[in-house]
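> Have a look at the structure that comes next, please.
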Amino acid sequence: MKKYLSLIVAALLACALVCACCACGEKNETDPPLLYIGEDYRIVYAEGDAAAKSAAESAAKSVLGYGGGELSVVSDSVAAEGKEIIVGPAGGREYSAYTSKMAKKNGWFVGVLGGDVYIQTNTGSYGGALGAFEQYFVRQAFDEETAVYSSGNYPSVSVRLNGIPLSFYEIVYAASNTRAQMKAYELSTWISENIGYTLDVVGSASSEGEYRLFIGMLNAEGDEGENLSSDEYAAEFGENYVGICSDREILSESVDSFVTRYFDTGEQVVSVSENGSKTLKCWEYLNTHLQKQSASDAKQIIPGVQYEQITMINAQGNVVTAYVLVAEAGAGWELKAATHPDYRKGSPVVSTVLNTAQLLQKAGQDVLFACNGGFFRMNDHNYPEGVLIKDGQSYTHVNNGLGESGSCFFGVTKAGEYVAGDYSVLQNVYSDLWQAVGGRGWLLKDGQLNDICFGDGDALGESRHPRTAVGWRENGDLIFAVVDGRQDGYSDGVNLCDLALLMQSYGAVGAQNLDGGGSSTFVTKNADGTLSVKNKPSNANNALRAVGDCLVLVRKV
């Protein structure tokens, strides 16, 4: 649906037009036939509307001037017949009730609906619309989906729900649901600001519209969905309606996620075509649309192991600085879970990532990279929250070594395969793990965003924080990301959705969120063989935090 870190640009033509769907490229058998303005059309204007009549006459001259024949010009007092070019709020036509809604705020619209061409404006001026009509409908062929809009600099130029322009819909909230009412008005404001249409908002008891977007109910019958978990919502798609419903506590997030998934796609032309009911996760509303601004030259540690510093920014001006390391499969390294040498099961000894890496180096290991690992209980003896396995030996004393039941994990099996997952996955693979650390938020599964911590499940997932993640590509490459945060102007941090999208942008097919906040640390080997911290931890004066465990890359012997 959307490429992460891609730049969204509203391309404006010199004449201030944006073509939302013009006929171009190769045609195939499923495309609608190309159409041309010919003598089989007539032009219809709204009776008594002088501006519409004048525009209709100008449109006729334009067609004649380009060899399209002399078209008759009539008012809407004449019954609809054959193909028509409809100018202004003409009555008695299929979409007469919606003509005032076709143009964006302070703009105009020219497009094909039901086989007829509509030329509409809500400014009283038809100049721009007539220019678009001539360029896209008279001078060249068009098809049954061609539409041109005044730009307005809206991120989304055209949005259709099941073939119906979004402007035709009214937003209908469940009458007894105050949260639904508030969200309906918020959604109307968002659509007005981002797409350019002002949709009517009404309670379900007062709704008489033909096309309806229900909030807090799935359909006109008032169904509210069943068996939804605390981070899910239901969406129902009918021929002339869409319904969004969830637990009342997360209704706002559910609607925001729906908007992110279907409307806020980063594309100018959006066409939503769905049927029936869907159960969807709510995490999508967390996407802040970070865009990559710059990257340092990749720094090689050994051939096949390199890292870079990247800077990202979103439309709200949030700046994010991250460090990403890629270790190519077969490049002569191996991954280890590591702790301070004195660490014992039931008696943890914490140590900074740099100190742990240096102690490994002193013990004869050629350390290439290290980052913080699993979550740990800082106020409870520094016990590991999740699983911790080093060289096949468990260091977690809870639940027979499995750790706390709400934890996720990342690990390497004895056969060298990477695996991440929730507690149920851990139970299945535990006996096969060679290295493993705990985490929260199984970010990627089979290349897709999977389990973004949400709301009452883990509020930490919603907010921007320093983060650490590990993931892998299908070919066995490992990817590590440490994102700095809580430092205005340098790096605000990311939520878990942004972190998952960042890992996905580097080609990861699986990824796990690790401990973050003041624990997030990125250590690499320098050209002179020493180890140093490259990121800026969020602690006072960028001090390093002592953590329970780390993930370390060492040169394979």
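> Based on the mean of other Cβ atoms within 10 Å per residue, sort peptides 328-334, 549-555, 531-537 so the most packed one is first. Please list the in-between numbers first.
Numbers: 328-334: 16.1, 549-555: 24.9, 531-537: 18.7.
Ranked by mean Cβ neighbours within 10 Å, highest first: 549-555, 531-537, 328-334.
> Let me see the P(r) profile for segment 376-437: every Cα-Cα distance counted, bins of 10 Å, each bin given as a percent of all pairs.
Per 10 Å bin, starting at zero, the Cα-Cα P(r) for segment 376-437 comes out as 26, 58, 15, 1 percent.
> When all C-alpha to C-alpha distances in segment 457-499 are sorted into bins of 5 Å, what percent of pairs does each bin hold, rounded to whole numbers?
Here the calculated profile for segment 457-499 is 6, 21, 24, 19, 15, 10, 4, 1.
> Now for a separate question. Filter the cross-link list 362/534; 53/105; 336/414; 101/183; 414/556; 299/390 down to pairs whose alpha-carbon distance in this structure exceeds 24 Å.
On the way: 362/534 20 Å; 53/105 22 Å; 336/414 12 Å; 101/183 22 Å; 414/556 16 Å; 299/390 29 Å.
Pairs exceeding the cut-off: 299/390.
> Please report Rg (one decimal) and Dmax (integer) in Å for the Cα set of segment 401-557.
Rg and Dmax of segment 401-557, Cα atoms, are 15.5, 48 Å.
> Efficiency by 1/(1 + (r/R0)^6): what FRET value for residue 239 and residue 81, r their Cβ-Cβ distance, R0 = 25 Å, to the nearest 0.05?
Numbers: r = 27 Å, r/R0 = 1.08.
Computed FRET efficiency for residue 239 and residue 81 comes out at 0.40.
> Another question, if that's okay. Can you give the calculated 222 nm mean residue ellipticity of the chain, where each DSSP H run of n ≥ 4 adds -39,500 (n - 2.57) and the sum is split over every residue, rounded to the nearest 500 deg cm²/dmol?
Working: 8 runs with 83 residues, N = 557.
Using -39500 (n - 2.57) per qualifying helix, the result is -4500 deg cm²/dmol.
> Moving on. With a 1.4 Å probe and every protein chain left in place, tell me how much accessible area residue 200 has, in Å² to the nearest 10.
The value for residue 200 is about 80 Å².
> Right, another one. Just how large is the dipole of segment 177-271 about the Cα centre, in debye to the nearest 20, putting +1 at every Lys and Arg Cβ and -1 at every Asp and Glu Cβ?
Working: 5 positive and 19 negative charges, 48 e Å.
It works out to roughly 240 debye.
> Give me the 1.4 Å probe accessible area per residue for segment 316-388, excluding ligands and nucleic acids, in Å².
Numbers: 2910 Å² over 73 residues.
Solvent-accessible surface per residue comes out at 40 Å².
> To continue, here is another question. Where only protein heavy atoms count, and the probe is 1.4 Å, what is the accessible area per residue for segment 484-537 in Å²? Mind dumping the intermediate values first?
Details: 1440 Å² over 54 residues.
Normalised by residue count, the accessible surface of segment 484-537 is 27 Å².
> If you line up the long axis of helix 496-505 against the longest principal axis of the chain, both from Cα atoms, how many degrees apart are they, to the nearest 10?
Tilt of helix 496-505: around 90 degrees.
> Now for a different question. Checking a compactness column here: for segment 222-336, what do you get for Rg(Cα) / (2.2 N^0.38 Å), N being the number of residues?
Values: Rg = 20.6 Å, N = 115, 2.2 N^0.38 = 13.4 Å.
Compactness ratio reported: 1.55.
> Just report the Cα centroid separation between segment 73-101 and segment 411-454, whole Å.
If you average the Cα positions of each part, the centres end up 61 Å apart.
> If you average 1/r over every pair of different alpha-carbon atoms in segment 39-141 and take one over that average, what Kirkwood value in Å do you get? Don't skip to the end; give the middle numbers.
Numbers: mean 1/r = 0.0756 Å⁻¹.
Kirkwood hydrodynamic radius for segment 39-141: 13.2 Å.
> Treating the Cα atoms of segment 298-370 as identical point scatterers in vacuum, please give the log10 of the normalised Debye intensity I(q)/I(0) at q = 0.11, 0.18, 0.25, 0.26 Å⁻¹, two decimals.
Debye intensities relative to I(0), on a log10 scale: -0.43, -0.86, -1.12, -1.16.
> As I understand it, the value is the acute angle between the Cα axis of helix 251-262 and the longest principal axis of the Cα atoms of the chain; what does it come to in degrees, rounded to 10?
70 degrees
> I've got another one for you. Expressed in nm to one decimal, what extension gain is obtained for the pair residue 224 and residue 448 from 0.36 nm per residue of sequence separation less their Cα-Cα distance?
Numbers: separation 224, 0.36 × 224 = 80.64 nm, distance 2.80 nm.
Full extension from residue 224 to residue 448 adds 77.8 nm.
> If I stretch the segment between residue 424 and residue 405 completely, what's the gain in nm (0.36 nm per residue apart, minus their alpha carbon distance), one decimal? Write down the numbers at each step before the final one.
Numbers: separation 19, 0.36 × 19 = 6.84 nm, distance 0.87 nm.
Length difference between fully extended and current span is 6.0 nm.
> Considering all projection directions equally, how large on average is the shadow of the alpha-carbon convex hull of segment 511-557, in square nanometres?
That works out to 4.8 nm².
> Kirkwood hydrodynamic radius, computed over distinct alpha-carbon pairs, for segment 245-285: how many Å, to one decimal? Show your work: numbers first, answer last.
Values: mean 1/r = 0.0901 Å⁻¹.
Over segment 245-285, the inverse of the mean reciprocal pair distance is 11.1 Å.
> Right, something else. Report the normalised scattering of the chain as log10 I(q)/I(0) at q = 0.10, 0.11, 0.12 Å⁻¹, calculated by the Debye formula with identical scatterers on the alpha carbons.
For the requested q values the scattering log ratios are -0.87, -0.97, -1.07.
> With the other protein chains left in place, how much accessible area per residue, in square angstrom, belongs to segment 85-229 at a 1.4 angstrom probe? Please report the intermediate quantities before stating the final value.
Values: 5520 Å² over 145 residues.
Counting only protein heavy atoms, the per-residue value for segment 85-229 is 38 Å².
> What is the projected area of the convex hull of the Cα atoms of segment 340-391, averaged over all directions, in nm²? Each step should come with its number before you reach the end.
Details: hull surface 15.4 nm².
Hull-based average projected area comes out at 3.8 nm².
> Could you look at the chain and say what percent of its accessible area is carbon and sulfur, using a 1.4 Å probe and all protein chains? Display every interim value, and only then the final one.
Working: 10450 of 23420 Å².
Here carbon and sulfur together make up 45 percent of the probe-accessible area.
> Please work out the C-alpha center-to-center distance from segment 478-557 to segment 294-359 and express it in whole Å.
5 Å
> Would you calculate the volume per residue, in Å³, of the smallest convex hull containing every Cα atom of segment 98-162?
Details: hull volume 6.0 nm³, N = 65.
Normalising the Cα hull of segment 98-162 by residue number yields 93 Å³.
> Relative to the longest principal axis of the C-alpha atoms of the chain, give the angle of the C-alpha long axis of helix 353-362, reported between 0 and 90° and rounded to the nearest 10°.
Once rounded, the angle reads 40 degrees.
> Quick check of the Kirkwood formula: for segment 205-267, what is the inverse mean of 1/r over all pairs of different Cα atoms, in Å? Display every interim value, and only then the final one.
Details: mean 1/r = 0.0818 Å⁻¹.
The Cα-based Kirkwood calculation yields 12.2 Å.
> What do you get for Rg/Rh over segment 319-445 if you use C-alpha atoms and the Kirkwood form of Rh? Write out the running numbers ahead of the final one.
On the way: Rg = 14.6 Å, Rh = 15.3 Å.
The Rg/Rh ratio comes out at 0.95.
The values are calculated or read from the model by the stated rules, or taken from the named source; none is laboratory data. Nothing here was measured: the structure is a model prediction, and the numbers come from that model. Every residue, glycine as well, gets a Cβ built from its backbone with ideal geometry; the counts of neighbours run over all protein chains shown. With ligands, DNA and RNA removed, areas are computed over all heavy atoms of the protein, side chains included. Shrake-Rupley method; radii C 1.70, N 1.55, O 1.52, S 1.80 Å.
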